[in-house]
Amino acid sequence: MNDLKIVVAGDVSVDRYYWPRVKSSNDEDINWKLYDGISTEKQPGGAVLLAEIIKCYLVSKKISPELVISQNCKNLIQKNSNEILHTSVKLDLFPSFDSNGKNKEAKIYRVTKYLGYATPKDDIKYPQPLEIIGDDESASIVVLHDAGNGFRNDKNVWPKAIKGDKKPIVIYNMYPPLFNGDLWDHVLKHHKENLILILNVDDLRKLGANISRSISWEKSAMELLWEIDNNEKLDKIKELTNVIIRFKFEGAVHYKGKNSRSNLYFDPVSIEGGWMVINLVK
């Protein structure tokens with residue numbers, strides 16, 4: 001475990017959260033307290049957020065978070081939309097439940113809607129990707145968060161561990177445009193044997209994959225496997241032996257190659273998208 005080093009890199013954003021604020025006073029001493037309004041807060045997003053999640057997981061397993069190497073997020077939330085992409089996210093209060101499914105008294109904030117990107121000026125195609133601080137070419141695991149926003153085509157900021165002769169485990173979380181860009185071509189050429197690719201089923205549907213939704217888990221899984229075998233737009237998946245296709249929060253298919261049995265994992269009490277319906281009802 002002492003030799004374990006995890007490099008996390010990719011597209012980074014500043015996430016702006018918005019949530020409703022109710023009036024907090026009937027007194028007339030401070031005017032703004034008399035009215036409902038909107039509260040807002042900025043937090044690091046994208047690959048930087050993913051690195052923090054991995055660190056929290058390691059801490060829960062009593063493993064040092066110092067083993068995670070990530071990008072330079074100094075003063076990140078102070079950067080404007082010409083320096084880093086900003087996303088907007090709407091929150092609201094919803095019921096919370098204990099482990100037995102009983103409704104708890106306290107409510108919690110959940111995402112109700114993604115409001116999209118606050119884009120840079122027209123003369124800036126992509127904000128500059130962030131460099132990795134303390135990068136280590138001997139890292140045993142590389143996690144790539146490729147959101148299609150510039151990181152994939154800037155070789156200067158890729159982890160050293162995938163650019164040399166080392167063969168780390170590469171966990172590649174890919175968003176559209178799928179199977180596109182210099183990073184994907186490089187990983188496929190040099191790290192195919194150690195690659196774990198993570199995709200969203202909705203992104204495959206957008207490519208034209210005919211995969212049913214919320215009918216039955218078995219039907220959706222069988223249609224996914226048929227599409228991988230027969231849809232030329234998904235040919236790249238067929239070449240791999242470790243692909244995880246997520247069905248929102250409720251399920252996933254682990255595709256292990258055309259000559260191996262794949263696995264379906266799902267919540268037996270939910271359909272695809274069912275968690276959102278159950279938990280986001282006030």
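Observations on the model:
- Computed label-point distance, nm, for sites N103 and Y57 using a 7 Å Cα→Cβ extension: 3.4
- Rounded if a/c under 1.5, otherwise prolate or oblate - segment 165-282, Cα gyration tensor axes: prolate
- Residues of segment 10-90: accessible area per residue with a 1.4 Å probe, Å²: 61
- Length gained when the stretch I38-D229 is fully extended (0.36 nm per residue, less Cα-Cα span): 63.9 nm
- Helix axis angle, 47-60 relative to the chain longest principal axis, alpha carbon, degrees: 90
- Structure note, pairs K42/K233; K167/K258; K42/K248; K121/K155; K79/K113: Cα-Cα distances above 27 angstrom occur for K42/K233.
- Judged by the ratio a/c of the largest to the smallest principal axis of the C-alpha gyration tensor, segment 1-125 counts as oblate, that ratio being 1.5 or greater while a/b is no larger than b/c.
- A simple rule links phi to the HN-Hα coupling: the Karplus curve 6.51 cos²θ - 1.76 cosθ + 1.60 with θ = phi - 60°, which for segment 116-126 gives x, 8, 8, 7, x, 5, 4, 7, 10, 6, 9 Hz, with x for Gly and Pro.
- Computed about the Cα centre, the dipole magnitude for the chain is approximately 380 debye when only Lys and Arg (+1) and Asp and Glu (-1) carry charge, each at its Cβ.
- Between the listed residues S216, Q43, T119, the Cα displaced farthest toward the positive end of the dipole of the chain, a dipole computed from Cβ unit charges relative to the Cα centre, is found at S216.
- Checked against a 25 Å cut-off, the cross-linked pairs K90/K256; K189/K256; K160/K192; K163/K192; K5/K61 give Cα-Cα distances beyond that limit for K90/K256.
- Efficiency of FRET from Cβ geometry, E66 and N259, R₀ 51 Å, rounded to 0.05: 0.80
- Computed over segment 37-182: relative contact order in percent, which uses C-alpha pairs under 8 Å that are six or more apart: 19
- Overall form of segment 108-225 per C-alpha gyration tensor (a/c, 1.5; a/b vs b/c): oblate
- Dipole magnitude (debye, nearest 20) for segment 38-196, charges at Cβ of Lys, Arg, Asp, Glu: 420
- Lys, Arg +1 and Asp, Glu -1 on Cβ, resulting dipole of segment 142-220 about Cα centre, debye, nearest 20: 100
- Isotropic mean projected area of the C-alpha convex hull, the chain (nm²): 19.1
- 10 °C / 1.306 mPa s Stokes-Einstein diffusion coefficient of segment 195-245, Kirkwood radius on C-alpha pairs, µm²/s: 142
- Compared with the alpha-carbon gap, the fully stretched path from D182 to N82 is longer by 33.7 nm at 0.36 nm per residue.
- Mean accessible surface per residue for segment 138-249, computed with a 1.4 Å probe while every protein chain stays in place, in Å²: 47
- Cα long-axis angle, helix 217-230 against the chain (0 to 90 degrees, to the nearest 10): 50
- In this structure the amide hydrogen of D92, modeled in the peptide plane, comes within under 5 Å of the amide hydrogens of R110, T112, none closer than 5 places in sequence on its chain.
- Value of relative contact order over the chain, rounded to a whole percent, pairs C-alpha under 8 Å and six or more apart: 15
- The string of couplings for segment 37-44 from the Karplus curve (6.51, -1.76, 1.60, θ = phi - 60°) is x, 10, 9, 9, 8, 9, 9, x Hz, one whole number per residue in order, with x for Gly and Pro.
- Within the accessible area of segment 1-76 (1.4 Å probe), percent carbon and sulfur: 52
The values are calculated or read from the model by the stated rules, or taken from the named source; none is laboratory data. Note that the coordinates shown come from a computational prediction; the quantities given were computed from them, not determined experimentally. Every residue, glycine among them, receives a Cβ derived from its backbone with ideal geometry; neighbour counts consider all protein chains shown. When the accessible area is computed, the model is the full protein with side chains, heavy atoms only, and any ligands, DNA or RNA have been set aside. Shrake-Rupley method; radii C 1.70, N 1.55, O 1.52, S 1.80 Å.
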